[in-house]
Amino acid sequence: MKKLLLLTIAIVLIACKEVPKDYVTLSGKITDKSSDSVVVRSRTFSKTIKVNTDGTFSDTLKVETGVYNFYDGNESTYLFLKKGFDIHITLDTKQFDETVKYTGTGAEHSNFLAKNRLMQEQLIDLDALSNSDMAGLESKFSEIKTKLTEFYDANKDIDSSIINNLSKNIEPMLNYYKGYLAESMALKTELKEGSPSPTFDNYENYKGGKTSLSDLKGNYVYVDVWATWCGPCKVEIPSLKALEKKYHGKKIQFVSLSIDDDRSHGGSWDKARENWKAMIADKELSGVQLFAPNGWQSQFVLDYKIQGIPRFILIDPNGNIVTPDAPRPSSSELTELFTSLNI
């Protein structure tokens, strides 16, 4: 009888023992959602999750340990997922990166990734860095490397694969930006202030018809060269819309020039044009919305030596270059520039 009782207790204990989860539970609440679904994706995994009308969503994911992209419409952030994690995400699409927050089991790793993204954006201020000479750039990038290294070293509780990967990529990332800024400095030498601007002729206008740079003569022209797939380009949209509203009726035209092409849209120019029009409608973009006929190979893009986007250009009312690499809409330096020109 005693043996039977012990056996019964053992069976009960085994039955009550919690089996480790072989999946991740992911839920969340999105304020002002951009889409009816969100997507969790890596190179080898992709899952679409339905978002309810109130912005909530929930699902389980069978994933391998690693960093994943989390997409809501065209915006994205990073997640670190591991079997057994139970993560809840909240965000407001009006300030996507600034409001992303994770709670629950394993959330600290994803919060670290979100904080790292914001920190990199603050440290690598391209508009501010572009005012330095090459010697100054070297010094500032050395400071950035030190700050990022210290930040990573101070977070020993974060999964080592995240820390190792970020640490390994500091140098390549900074070299990329260093090259970008060196190119910007060379541009200002080759495309001098006051010289005649390269032009564009008969580019497709979203509102219908064709538009040329000469049609805008008599106004300053602020050109935003962008594409629907470009994350940094989309980050600038709210600031650009605010500028357009602020300077409405002034002697300035805001031109957004899309370089979406067949290569970035599955080999289809029709798809590129369709996605361009869809984003203009979805984001309620204003200003003069133009489509470059040959993408990166369009003559205006080649003449301005554009190899990375977003790129911003300011042209004066006479069609001459003010700057071939103007500050971004989100930069206070742009409004200072406009003020100096009495716009």
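For the residues 181, 166, the requirement of being under 19 Å from the mean Cα position of the chain (by Cα), more than 30 Å from residue 83 (Cβ to Cβ), among the hydrophobic types (A, V, I, L, M, F, W, C) and surrounded by 13 or more Cβ atoms within 10 Å (Cβ to Cβ) singles out 181. With respect to (1) farther than 27 Å from residue 333 by Cα; (2) of a type outside the set (Gly, Ala, Ser); (3) more than 17 Å from the chain's Cα centre (by Cα); (4) part of a helix (DSSP H, G or I), the lone exception for residue 155 is condition (4). Exactly one residue among 95, 120 is part of a helix (DSSP H, G or I), under 28 Å from residue 29 (Cβ atoms) and in contact with a Leu (Cβ under 8 Å, 6 or more places away or on another chain), and that residue is 120.
Answer with yes or no whether residue 31 is out of contact with any strand residue (DSSP E or B) (no Cβ under 9 Å at 6 or more places or on another chain), under 30 Å from residue 284 (Cβ atoms), hydroxyl-bearing (Ser, Thr, Tyr) and modelled with pLDDT of 90 or more. Against the criterion (out of contact with any strand residue (DSSP E or B) (no Cβ under 9 Å at 6 or more places or on another chain), under 30 Å from residue 284 (Cβ atoms), hydroxyl-bearing (Ser, Thr, Tyr) and modelled with pLDDT of 90 or more), residue 31 does not qualify.
Considering only residues that are closer than 22 Å to residue 106 by Cα and in contact with a Gly (Cβ under 9 Å, 6 or more places away or on another chain), look in the stretch 32-43 and name the one that is surrounded by the fewest Cβ atoms within 10 Å (Cβ to Cβ). Taking the candidates together, the pick is 42. From the residues in the stretch 101-116 that are in contact with a strand residue (DSSP E or B) (Cβ under 7 Å, 6 or more places away or on another chain) and part of a helix (DSSP H, G or I), which one is most open to solvent (accessible area, probe 1.4 Å)? Here the residue is 111. Check whether at least one residue in the stretch 283-293 is within 25 Å of residue 96 (Cα to Cα), open to solvent by less than 10 Å² (accessible area, probe 1.4 Å) and over 19 Å from the mean Cα position of the chain (by Cα), and report yes or no. Yes, that holds for at least one residue.
Looking across the stretch 53-73 at every residue that is part of a loop (DSSP other than H, G, I, E, B) and either open to solvent by less than 70 Å² (accessible area, probe 1.4 Å) or hydroxyl-bearing (Ser, Thr, Tyr) (or both), the one that is nearest to residue 38 (Cα to Cα) is identified as 73.
Of all residues in the stretch 311-326, none are open to solvent by 10 Å² or more (accessible area, probe 1.4 Å), at pLDDT below 95 and farther than 16 Å from residue 199 by Cα. Screening residue 176 on (1) loosely packed, with under 15 Cβ neighbours inside 10 Å; (2) of a type in the set (Phe, Trp, Tyr); (3) within 28 Å of residue 341 (Cβ to Cβ) shows it passes everything except condition (3). Select from the stretch 244-265 the residues that are closer than 16 Å to residue 225 by Cα, not charged (D, E, K, R) and not in a strand (DSSP E or B) and write down the one among them that is most open to solvent (accessible area, probe 1.4 Å). The qualifying residue most open to solvent (accessible area, probe 1.4 Å) is 264.
The values are calculated or read from the model by the stated rules, or taken from the named source; none is laboratory data. Keep in mind that what you see is a predicted model, and the values were worked out from it rather than measured. Every residue, glycine as well, gets a Cβ built from its backbone with ideal geometry; the counts of neighbours run over all protein chains shown. Calculation scope for accessible area: heavy atoms of the full protein, side chains included, ligands and nucleic acids excluded. Shrake-Rupley method; radii C 1.70, N 1.55, O 1.52, S 1.80 Å.
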